[in-house]
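A.B. asks: Input: one structure, supplied below.
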Amino acid sequence: MSLMKRSAAATAAAALLVKLSDADLKELGVSSLGHRKRLLEAIGERTAPMPSPAPEARAPDTAERRQVTVMFSDLVGSIHQLI
């Protein structure tokens, strides 16, 4: 099975999970009420939209900014000897 087909099948299966009911799980063979409730709760948590994190309040940047110039120079001519 190709990756595209697997992805489509997984997407379809995930969409169906949201629609499962207690009766559906019972029909699928999940006989324990506790297990069915846990499954339905977990499915609900997975499908609920995740809240976006609130932006953190940042203190204003009060640091002084200075431009730095860097110059590299060969004072003894050692680079010319390597070539």
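The values are calculated or read from the model by the stated rules, or taken from the named source; none is laboratory data. Source: prediction; values computed, not measured. Every residue, glycine among them, receives a Cβ derived from its backbone with ideal geometry; neighbour counts consider all protein chains shown.
A.B. asks: Among Ser7, Ser21, which is of a type in the set (Ser, Thr, Tyr), modelled with pLDDT of 80 or more and either within 23 Å of the chain's Cα centre (by Cα) or surrounded by 10 or more Cβ atoms within 10 Å (Cβ to Cβ) (or both)?
C.D. replies: Checking each option against the conditions leaves just Ser21.
A.B. asks: Let me ask something additional. Scan segment 32-61 residue by residue and report those that are among the small types (Gly, Ala, Ser), more than 18 Å from the chain's Cα centre (by Cα), surrounded by fewer than 11 Cβ atoms within 10 Å (Cβ to Cβ) and at pLDDT below 90.
C.D. replies: Ala57, Ala59
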